[in-house]
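What follows is a set of notes on a single structure, which appears directly below.
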Amino acid sequence: IEERFIHDVLASYTTYETYYHLEKAITDDPQYETAKARQAIARFVTLHEHNLAQKAEIVIEHFRTHVAHKVTGQAKAMVVCSSREHAVRFWHALRAHVRDRGYDVGVLVAFSDKVTVNGDEPVTEAKCNGFPDTQTAERLDTDAFQLMVVAEKFLTGFDQPKLYAMYVDKTLTGLAAVQTLSRLNRTHPDKDGTFVLDFRNDAEDIAEAFEPYFGRTVAPSSDPNLLYDTRHALDEFGVLDPAEATTFARLLLTERVDHGRLHAALGQAIDRFRALAEDEHDRFREALSRFVRTYSFLSQLVSFTDIALERDYLFGKGLQAFIRAEAGAAVDLSGAVELTHLRQEQQFAGSVALGADSGEVSTIYSGIGPQAEPEPEALSAIIERLNARHGTDWRDTDRLVLDATAADLVADRDVQLAAVNNTAENFRLILPELFQQGLIGRMDRNEKLVYSYLDSPEMAADVVQFYDVLIRGRARAAYQEHCPIVELLGVGEAAALEFKSTLRTGVESGEVIKALETACVKTIAAFANSRDGGTLLIGVADDGSVHGLASDYVSLHKDGKDDRDRFQLHLGQLLINAVGETVASTVSVQVHTVDGTDLCRVHVPPSGFPVEATVVVDKGGQTTKRPAFYVRIGNGTREIVDAAERGKYIASRFGVAGRAA
């Protein structure tokens, strides 16, 4: 890393925590083996469509905003999944988000063999991508594709210098963590770093995995006698027969392998395995797996003269394929639990620091298997403990039933589309049902209020009337944050939408004009003080034509630095200086490219308190700073100077608490 032969893949590392809440969907309370039930529930959450939809949004929006322009616009990213089914489902979710937003982002998927999803016909990598799997790596290198979703494939030995970012949705430990993340470390003349966004692992765990390889790496010696111990552990079961193993090995090592005869050679061993007591099946599988893995590892280090070990290894490896635990042996809880809350929350962002001068890597296990049989545990108890671990910080807006409150309705994409595409009268017709559904979903928390709403048509009508304008207005404004950018260019300026040709430079001269920055600050502060919030497009003329950010980029350019990053950092600092960190942290800034020209979308949610902006005022050539309170009136931004009028607006918009603030 220091000599710049490879990149430091831990330099920019962000972790997310998935918070979820589960409820039993059945009246019984059956008992399951705790470890298996925990694995089944984790798999249920991992593959849940809402979970994947949230993660797909995070991945695509992050890639477009922070990664796509890297490596001179050729940056690639990899999404790492825990299974083939997980990869295919994640691939579908990513493509759906891209399609719904009208983005130009190509997504590939890579996995071995075939997989069945949702009971449909099995699919292969080639069928998903539309071309032979031998071309996947080559196609990723073209301009047509930017992301590749993988399950095991391409996690070792894959060399793609343009690979800039990795989105990890798989538990990584030890050497596997190092090998996987090291796909990013290849250098490229236009590559200035790497980025990892991790949904599964803590930064501390990744640091622990990398520590042994950071400085001088040593490994304890491996005991070859361990191989004989693991082989002898199989004798008590009476499944392996030396004569059968010899026959199998001879058949396997011939020039023309007859798979039918190979299977026949394994037949008696398979029958003996099936004759074992049910509780002995897992013990034998574990012992056989331990022997096969031990021999596979040690044979790379030591030359064994005992050909019986090689024979038994080949026989055992062949036998493994026919005695795997059936799919039904895994606990299936998909119908016994339901996901009621879900939130992805960023936990860590920064560089994962390593400090060890030397580290020790474990090359092989002790040869000791599981020591105790797992105790069954009630499903309700398992779910209670999982919720305690993963759902300790709930907010009302975390519920998946997004119509539960006015805030949830505003955040619901379908409601936003309904608000945008319907007249106020038509929207008012569908709102009562949405509101009722939401309240029924909250019955357990607000039983008295819900029954009052359901039992009193008058009260229901008053509630809907009160929330109607608020929900429709805020939903329309919230839609502007994520809708395809071209939609905003075609509608023209409105109460919640404004255009500015540049941030800080004259349209004709290209010279820096501080008053232009002040104009942008005024608009953003006014949106924050408005009831619905709003969106400012920078780089767009009043008529909706794209002017671009080129002159702003030139004014902020610094050799060796990315112009986009410089622009966004400058805008962020400008907002912090004008409205403070609290308000600035709620504002989202995205740079988009339309017909080869950059423009900036600044979305401002409505503030929970009055926002006073510090603006720069030019009086006779002298610039001074002063606080001011801005609001939106129609399609324009106005300052309320009169203290009495300002007090009235604040009381009306923010209530008593706002007036006190």
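Quick look at the numbers
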{"read-out": "Candidates 185, 118, 129 - the one that is assigned by TED's automatic domain parsing to the domain that holds residue 212 and in contact with a His (Cβ under 6 Å, 6 or more places away or on another chain)", "value": "185"}
{"read-out": "Among residues of region 263-291, those that are more than 45 Å from the chain's Cα centre (by Cα) and aliphatic (A, V, I, L, M), counted", "value": "4"}
{"read-out": "Boolean, residue 541 is at pLDDT 95 or above, in contact with a strand residue (DSSP E or B) (Cβ under 9 Å, 6 or more places away or on another chain) and of a type in the set (A, V, I, L, M)", "value": "no"}
{"read-out": "Check on residue 328, assigned to a loop (DSSP other than H, G, I, E, B), within 30 Å of residue 118 (Cβ to Cβ) and modelled with pLDDT under 85", "value": "no"}
{"read-out": "Region 479-495 - residue that is out of contact with any Leu (no Cβ under 8 Å at 6 or more places or on another chain) and without any contact (Cβ under 8 Å) to a residue 60 or more places away in the chain and, of those, farthest from residue 545 (Cα to Cα)", "value": "487"}
{"read-out": "Subset of region 53-94 that is surrounded by 20 or more Cβ atoms within 10 Å (Cβ to Cβ) and of a type in the set (D, E, K, R) - its residue that is farthest from residue 168 (Cα to Cα)", "value": "70"}
{"read-out": "Selected residue (criterion: modelled with the highest pLDDT) from residues of region 441-498 that are assigned to a helix (DSSP H, G or I), surrounded by 12 or more Cβ atoms within 10 Å (Cβ to Cβ) and of a type in the set (Asp, Glu)", "value": "487"}
{"read-out": "Breaking point among (1) touching a residue at least 12 places away in the same chain (Cβ under 8 Å); (2) of a type outside the set (Asp, Glu); (3) more than 30 Å from residue 565 (Cα to Cα), for residue 58", "value": "(3)"}
{"read-out": "Count of residues meeting criterion [in a helix (DSSP H, G or I) and surrounded by fewer than 18 Cβ atoms within 10 Å (Cβ to Cβ)] in region 166-177", "value": "3"}
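The values are calculated or read from the model by the stated rules, or taken from the named source; none is laboratory data. These figures come from a predicted structure and were not determined experimentally. All Cβ positions, even for glycine, are placed from backbone atoms using ideal geometry, and neighbour counts span all protein chains on display.
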